Amino acid sequence: MAKPTARWTERLEHLDRRIIFLVVAVGILVPLVAPLGLPVTVTEPVQAFRDQIDGLPPGSAVLVSADWDPGSRAELLPATVALFHHLFQRDVRVLIISLWPAGPRMVEQALAEVRGAHTKTYGKDYVNLGFKEGAEVVMVSLGDNLPATFPADYYGTPVSTLPVLRGIKSYKDIAMVITLSAGYPGTKEWVQQVQDRYNMPMISACAGVSAPEYYPYYQAGQLKGLIGGLKASAEYETVLERKGFAVAAMDAQALGHYIIIGFIILGNALYLINKWTNLGARKE
Amino acid sequence: MDWSMTVGNVLAVFLTLAIFSFLYRDNPIYKTAEHFFVGLAAGYFIVIQYHTVFLPNLWQPLTHDVAALFRSGQAAQQLAGSLALMQLGAAAQHGLWQAFSPDIKGILDPVTFHGWRLALIVPLAMGLLMFTQLMKKYAWLSRWPMAVVIGSFSGLALLGNAQGDLLPQIKANLIPFIKPGSWTAFWADPGLFTFLDVLWNPVLIIGVISVLIYFFFSVEHKGAIGGVAAVGIGFLMISFGAAYGNTVMTRISLLIERFDFLLKPATRYITLVTLLLLLAYFIITAFKDKHKARIER
């Protein structure tokens, strides 16, 4: 006996996944080639992030921990670049560390993008102290003795010779910690080990995937500002009036989401249609 | 554009498209890119650890400062002094320091004192013990450094979780049922956002309580408890949905960044050529597979 042919709704329910990939790819490519210019609205956590940096006292030092690697480049490079622009516009000393091995290279990439736009001097206004193994141990160790934890910068220069670190011994000499986080160790560990123990003002830019975990910290006041994912990076670029990759990517991001929402609705609708049709056929 | 940049771009485009090729099907080109990535990451990690941790924090202090110490003939005194001070807390260290005679203070002068660095022999020895894993007979020795690592991390994590997470989060949930001023704001300017502001605290409180009750398994989830637990499941589902939505957002962001890279003026022609080569490879292998299957039949 010939096998009964499946209805078109049944065939569609078992659509080849490669067609879905293709549709998503086209949906993302089109706005990259022909931008739609969708508006970007600034949310409260991002505005708070900006306000915290604007409120830093002149001459103070901030510690930026770049805890991310190329896997999160898409989301955190735009945030890091915008942050460095913002910090370099202000009269603050910027100390950059990383608890991820690839972090210092990412910092160098971001610094390369902002250097030309500002007159800040390496070693005097900012320093890349490089990577240090130890996660939470490093965080706590910085509260005891920062120069002993990072005896040399990323290029091997002893920190005792760098003017940017003059007078900085531990967290008590730092006005704010800014974490750029893509996972462990990251914002969560900084909040747990440093924020409450040293009563340290803290803000964070993180990968979108971690944002839901960090919103409670923002709500509880443990984080004073939060940038979660590329969308929030676009908001930060907008609020700083320095539109870059994040803003340019928002059209593609929105269209990608619409397509995925469309497929979720379609998949569920087809499942229900096929279920009801089969039930009706069985009753007959 | 220099040659190194061009070679870098060709490699980056090839590896990106090679990884994307898995979306069509598993293939040797994808496998090559995958192995390349794993090997490169491992190599990079070792080099970074060597240059930014091993050299500045261990090897250079030991070979430079401690060698100077031995040359000065004060190694024994400084080692004894540093070990004595290491045993004490900060306050006791300060007290002991005040009690030292000027001669001892001279030896332990923070400017010329390198005795602290001698203590680095301990982590060096601990690190070397890790390599006993490679010798079956002495592998048990690696448990000591592991015990130190696990013990210190557990202590820090426990303290951090309680002090930095649990207590502040409990404190953040001790809030009035209705946000002060939210009703007044709603009646003054009725709208969606002012209404949501009124709902903010009740949703938070009901959400926390119902989810906690859902995870309370000592009582059977029946009747009123069952009803509250069902509300808790609803809140959990919403939070999982938010987490999934953010995960999708992150993945789409990664895809956009790669597409943006592939479409850059410096890479778009490389992308086109690589794409055509990959396409040719897949067409040829598809024909070969078909031919092989026909022969086998």
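Taken together, the values in this text are just the output of simple stated rules run on the coordinates, not laboratory data. What you are looking at is a predicted structure, and each value in this text was computed from that prediction instead of being measured. Methodologically, a virtual Cβ is constructed for each residue, glycine included, from the backbone with ideal geometry; neighbour enumeration extends over all protein chains shown.
When you count the other C-beta atoms within 10 angstrom of each residue and take the mean per peptide, B:37-46, A:18-27, A:211-220 line up highest first as A:211-220, A:18-27, B:37-46. Evaluated with a Cβ-only charge set (Lys, Arg +1; Asp, Glu -1), segment A:44-243 carries a dipole of roughly 420 debye about its Cα centre, given to the nearest 20.
Quick one: work out the % antiparallel among DSSP beta bridges in the protein assembly as shown, nearest 5. Counting only bridges with both partners in the protein assembly as shown, antiparallel ones make up about 5 percent. Ranked by the mean number of other Cβ atoms within 10 Å of their residues, highest first, the peptides B:150-156, A:193-199 fall in the order A:193-199, B:150-156.
What list do you get for A:67, A:91 if you sort them by fewest beta carbons within 10 Å? Show your work: numbers first, answer last.
Values: A:67 28, A:91 12.
Ranking A:67, A:91 by Cβ neighbours within 10 Å, fewest first, gives A:91, A:67.
Look at the dipole of the protein assembly as shown built from charges on Cβ: of B:237, A:215, A:83, the Cα furthest out on the positive end belongs to B:237. By the Kirkwood approach, averaging reciprocal distances over each pair of separate Cα atoms, segment B:182-258 gets a hydrodynamic radius of 15.1 Å. Overall, the protein assembly as shown carries a charge dipole of about 1660 debye about its Cα centre when +1 sits on the Cβ of Lys and Arg and -1 on the Cβ of Asp and Glu, all other atoms neutral. Across peptide A:245-257, the mean count of Cβ atoms from other chains lying within 10 Å of each residue's own Cβ comes to 3. Be a star and scan segment B:1-23 for residues whose amide nitrogen sits under 18 Å from the point 7 Å along the Cα-to-Cβ vector of residue B:273. Counting backbone N atoms under 18 Å from the label point, the list is B:1-18. Of all DSSP-defined beta bridges confined to chain A, some 5% are antiparallel rather than parallel.
Charges at C-beta only: +1 for Lys and Arg, -1 for Asp and Glu. How large is the resulting dipole of segment A:12-111 about its Cα centre, in Debye rounded to 20?
220
Cross-link candidates for residue A:132: which aspartates and glutamates have Cα within less than 19 Å, leaving aside residues fewer than 8 places away along the same chain? Once the sequence-local aspartates and glutamates are set aside, what remains near residue A:132 is A:67, A:69, A:108, A:144, A:153, A:189. Computed 3J(HN,Hα) for segment B:257-270, one whole-Hz value per residue from the Karplus formula 6.51 cos²θ - 1.76 cosθ + 1.60 where θ = phi - 60°, is 4, 5, 5, 4, 5, 5, 9, 4, x, 6, 10, 4, 6, 4, glycine and proline marked x.
With Cα atoms defining each centre, segment B:231-290 and segment A:217-284 are spaced 16 Å apart in the structure. Coupling constants for segment A:150-159 follow from the phi torsions by the Karplus curve (6.51 cos²θ - 1.76 cosθ + 1.60, θ = phi - 60°), and in residue order they are 10, x, 9, 7, 4, 9, x, 6, x, 5 Hz; glycine and proline get x. With the charge dipole of the protein assembly as shown set up from +1 on Lys and Arg Cβ and -1 on Asp and Glu Cβ about the Cα centre, the Cα lying farthest toward the positive end among the listed residues A:142, A:170, B:209 is that of B:209. Under 1.5 on a/c is rounded, so check that first for segment B:220-297, then, if it is not, pick prolate when a/b is larger than b/c and oblate when it is not; a ≥ b ≥ c are the square roots of the alpha carbon gyration tensor eigenvalues. Taking the square roots of the gyration eigenvalues as a ≥ b ≥ c, segment B:220-297 is oblate. With a 10 Å cut-off around each Cβ of B:253-266, the average count of Cβ atoms from other chains is 6. Note on the protein assembly as shown: Rg/Rh from Cα positions, Kirkwood definition for Rh, rounded to two decimals, is 1.03.
At what distance in angstrom do the alpha carbon centres of segment B:1-26 and segment A:116-133 lie from each other? If we compute the Cα centre of each part, the gap is 31 Å. In this simple spin-label approximation, residue B:285 and residue B:173 carry label points 7 Å from Cα along the Cα→Cβ vector, and these lie 5.1 nm apart. Bridging of residue A:283 to lysines at a Cα separation below 21 Å is possible for A:3, A:275, once same-chain residues fewer than 8 apart are set aside.
Which entries in the list A:120/A:224; A:120/B:171; A:231/B:31; A:124/A:231 go over 30 Å, if you measure between the two C-alpha atoms of each? Table pairs above 30 Å Cα-Cα are A:120/B:171; A:231/B:31; A:124/A:231. Overall shape: rounded for segment A:44-243, with the ratio a/c of the largest to smallest alpha carbon gyration tensor axis below 1.5.
For the charge dipole of the protein assembly as shown, defined by +1 on Lys and Arg C-beta atoms and -1 on Asp and Glu C-beta atoms about the Cα centroid, which residue among B:8, A:116, A:158 has the Cα displaced farthest towards the positive pole? The listed residue farthest towards the positive side: B:8.
Span-like helix criteria (full DSSP H runs; alpha carbon extent of at least 18 Å along the helix axis; mean Kyte-Doolittle hydropathy of at least 0.0) are satisfied in chain A by A:17-33, A:73-89, A:245-283.
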